[in-house]
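Below is one structure, written out as structure tokens, with a few remarks after it.
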Amino acid sequence: MKIIAFGGSNSRHSINKKLATYAAGLFENAEVEVLDLNDYAMPLFSVDLEKEIGQHEIAKAFLKKIEGADILVISLAENNASYSTAFKNIFDWSSRIIKDVFQQKPMLLLATSPGARGGASVLETANNALPRYGAQIKGTFSLPAFNANFDLEENKISNTELDKELKDIIKSSF
């Protein structure tokens with residue numbers, strides 16, 4: 001089983017990438033590839049630019065990674081109650097190539113933030129929107145107060161109740 005995981009942020013120290021990496025590692029007998037959205041940086045999408053340069057090769061490479069996955073583990077950063085620009089840009093470029101960006105792959109959709117809501121707004125938005133683009137969301141999980149609930153030295157959720165909740169979602173949904 002091949003898992004593609006990534007955090008929906010271009011921060012080099014993305015807490016969402018850390019959460020996605022941890023969650024992907026909880027799947028048994030899986031080969032995990034963690035993507036870095038910095039490797040998929042493109043000019044800001046616009047129809048004018050698309051008309052000028054056509055479909056961007058980096059977006060095609062991103063879609064190829066999705067195609068090769070059996071399961072997607074995505075943890076979205078929340079910027080002003082919405083997707084980060086980095087995620088939205090790769091999503092916009094990719095959706096112009098194929099509407100079903102997520103290609104009917106089973107998805108574990110996550111979010112975290114330093115705040116008490118744990119990216120709840122972006123998680124709600126994505127849970128409603130991404131299925132229209134081929135996401136088969138099998139489970140969602142929000143990790144509130146990342147700095148209090150995630151051990152950076154151990155690279156795992158330190159709050160035992162929240163850790164069990166995530167493990168139960170994976171066990172019951174995949």
Ordering of 7-15, 129-137 by packing [mean C-beta count within 10 Å, highest first]: 7-15, 129-137
Take the chain, connect every pair of alpha-carbon atoms lying under 10 Å apart with a spring to form a Gaussian network, then pick out the residue of Ile98, Ile74, Ile157 with the largest mean-square fluctuation. Ile98
Any chance you could list P(r) for the chain, counting all Cα-Cα pairs in 10 angstrom bins from zero, rounded to whole %? 10, 41, 36, 11, 2, 0
Over what distance in Å are the Cα centres of segment 1-18 and segment 45-65 separated? 21 Å
So how far apart, in nm, are the two label points at Arg96 and Asp168 if each is 7 Å from Cα heading toward Cβ? 4.4 nm
Of Asn155, Ala30, Gly68, farthest towards positive along the dipole that unit charges on Lys, Arg, Asp, Glu beta carbons give segment 2-173: Gly68
Looking at the chain, what % of its DSSP beta bridges pair antiparallel, to the nearest 5? 10 percent
Run the numbers on the chain and let me know its relative contact order in percent, using alpha-carbon pairs under 8 Å that are six or more apart. 22 percent
Choice from Ala145, Ala120, Ala69 showing the highest fluctuation, given a GNM over the chain with Cα pairs closer than 10 Å: Ala145
Using a 10 angstrom Cβ neighbour count of at most 10 plus a DSSP loop assignment to flag exposed GluC sites (Glu not before Pro), which longest range of the chain is free of such sites? 29-152
Compute a Gaussian network model of the chain, connecting alpha carbons closer than 10 Å, and tell me which residue from Leu76, Leu152, Leu35 fluctuates the most. Leu152
Assuming 0.890 mPa s and 25 °C, estimate D for segment 1-94 with Stokes-Einstein, Rh taken as the Kirkwood radius over Cα pairs, in µm²/s. 178 µm²/s
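Which order results if Thr125, Thr85, Thr112 are arranged by neighbouring Cβ count within 10 Å, fewest first?
Values: Thr125 17, Thr85 13, Thr112 29.
With the fewest neighbours first, Thr125, Thr85, Thr112 line up as Thr85, Thr125, Thr112.
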Measure nothing but the geometry: give the 0 to 90° angle between the long axis through the Cα atoms of 160-173 and the longest principal axis through the Cα atoms of the chain, rounded to 10°. 60 degrees
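Every number in this text was worked out from the coordinates using simple rules, so none of it is lab data. It should be emphasised that the depicted structure is a prediction, and the values quoted were computed from it without experimental measurement. Ideal geometry is used to build each Cβ from the backbone, glycine not excepted, and the neighbour counts take in all protein chains shown.
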